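Here's the structure, in structure tokens; my notes come after.
Derivation of every value follows stated rules applied to the coordinates shown; laboratory data play no part. A quick note: this is a predicted structure, and the numbers were derived from the prediction, not measured. So basically every Cβ, Gly included, is an ideal-geometry build from the backbone, and we count neighbours across all protein chains shown.
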Amino acid sequence: MEPRNFDGDADRPRSAGAKQTGRVLVIGPYLRVRAGGADAQSESYVLRDVEARLDEAAGLARAIDLVVADAIIAPISQIRPATYIGKGKVEEIAGLAKSLDVELVVMDCALAPIQQRNLEKELHAKVLDRTGLILEIFGRRAKTKEGSLQVELAHLNYQRSRLVRSWTHLERQRGGFGFMGGPGETQIEADRRLIQERISKLEGELKKVQATRRLHRAGRQRVPYRVVALVGYTNAGKSTLFNRLTRADVQAADMLFATLDPTLRALSLPHGGKAMLSDTVGFISNLPTQLVAAFRATLEEVLEADVILHVRDIAHDDAEAQQSDVDAVLRQLGINPDDSGRIIEVWNKIDRFDVEQREELLNIAARRPEDHPAMLVSAVSGEGIDVLLAAIEERLAAKRTTLDLSIDAADGAGISWLHRNAEVLAKELHDGRFDMTVRVDETKRDIVVNRFDAVLRLST
């Protein structure tokens, strides 16, 4: 559905037919920002085309099987404390919602609790803001126990300020995992003490999850397998690339947040080495802070990764703005997005370009600094995957030292230690001794040198 501008003189919408389940009206109340103004330099949202922003909001609604009856851009000059948008626009949207017979109005912005309640009274429909919509999607998509814990924690933190005793009707009382259900949905008593107790319990369970993940990572480090993590804007093609690189069968679909729970698979490198590839949840503009905080246990895989692949949908109209959004979330996690030694930028979906456009894209990539290259790939067709794998292997090898050594075959403990703590590249038995080539982390190099110093020599 093409978004329409709703600035007071838009054409009246056609009359809707019989009421359908899950019909929603999506409103884009975007601030008019003067080009080059101070706000344009400080706010990330101004980098985006308003129609692309509205289309994304409609996509979020469709991601949970809502029927988008209409999507409207409602430009505003300032944010109103009571209803976010002006009184005139509230009245026009109320009329539109009534004529379309919708059950839910989605506001593509962050609403304060009082703004949300006032809009519901004026529009005579349930209102969901961008944060609530994303939380709703995550609640639907979380399949593992860890994911469910994280989503519930984010929900409770979001809902805590929205539980008020003034709502007497059961269907208007908010809580649990659902925002759109009526009577019979999971209820949370409007008692902040009980909510806080539940939050504290969830935080305790998530700490156990973090401890378990640390044990798993320690186990992988002993093997040792290096970790490569995929990050990127939602629907950038991370899961499709994950499947291409690992020959896995992770769900990959052309929708927002198709993948939520993290997945780890073995990654085979060109020269026989192994790494672990981690597929993580996609980022999005204005990602709720509740989710960034709640999903830190999952995103620790990114924090601990040796190499991070920033997957970009280079064919998207808002590719540059999406990159800015991902960089902002990485900074929230304490990761420098400009760390070229750790982050590889992957320009995905080049199969969507014709020959001339692709040549132009190659020229743009060629002009980038040598320490900030861009890998052009198509996760669908496999184009560029070999070059990407070689780049991953090169980055991982740069963080490790290769050593040649000769060990007495009777030194079983030493040989066993090397297999546990280093990557054994070659091993041959000659005259009662093992000639071995191993690759070790810089942190373990001195240990190997001291343990096997009598026969150690650096590889050339």
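Name the residue from L60, A94, I79 whose Cα lies farthest towards the positive end of the charge dipole of region 52-95, charges +1 on Cβ of Lys and Arg and -1 on Cβ of Asp and Glu.
Checked the options; the winner is I79.
If the label point is 7 Å along Cα→Cβ of D49, which residues in region 358-379 have backbone nitrogen under 16 Å from it?
From region 358-379, the list is empty.
Counting Lys +1, Arg +1, Asp -1, Glu -1, what net charge surrounds G432 among other residues with beta carbon under 15 Å of its beta carbon?
-3
List the GluC sites (Glu not before Pro) in region 329-420 that DSSP assigns to loop (not H, G, I, E or B) and whose Cβ has at most 12 other Cβ atoms within 10 Å. Which are they?
Passing sites in region 329-420 are E370.
Out of residues 5 or more away from L376 or on other chains, whose amide H comes under 5 Å of its own, with H placed 1.01 Å from N in the peptide plane?
Under 5 Å from the amide H of L376: W347.
Using amide H atoms built 1.01 Å from N in the peptide plane, name the residues 5+ places from V227, or on other chains, whose amide H lies under 5 Å from its own.
Answer set, sorted by chain and number: M276, D306, V307.
May I ask you to evaluate 6.51 cos²θ - 1.76 cosθ + 1.60, the Karplus curve with θ = phi - 60°, for each residue of region 197-214 and list the ³J(HN,Hα) values in order in whole Hz, giving x for glycine and proline?
4, 5, 4, 4, 5, 5, 5, x, 5, 5, 5, 5, 4, 4, 5, 5, 5, 5
Give me the number: length gained by fully extending R352 to A397, i.e. 0.36 nm times residue separation minus the C-alpha to C-alpha distance, one decimal in nm. Write down the numbers at each step before the final one.
Details: separation 45, 0.36 × 45 = 16.20 nm, distance 3.26 nm.
Gain on stretching R352 to A397: 12.9 nm.
Find out how many positive minus negative residues lie around E393, taking Lys and Arg as positive, Asp and Glu as negative, among other residues whose Cβ is under 13 Å from that of E393.
Numbers: positive: R226, K274, R395, K399, R400, R439; negative: D306, D386, E394, E423.
Local net charge: +2.
Take the Cβ-Cβ distance between H372 and L303 as r, set R0 to 22 Å, and report the resulting FRET efficiency rounded to the nearest 0.05.
0.55
Hey, what do the phi angles of region 228-233 turn into as Karplus ³J(HN,Hα) couplings, whole Hz, using 6.51/-1.76/1.60 and θ = phi - 60°, x for Gly and Pro?
10, 10, 9, 10, x, 5
What are the residues whose amide H is under 5 Å from the amide H of A74, where those residues sit 5 or more places off or on another chain and H is modelled from the backbone?
F6, G28, Y30
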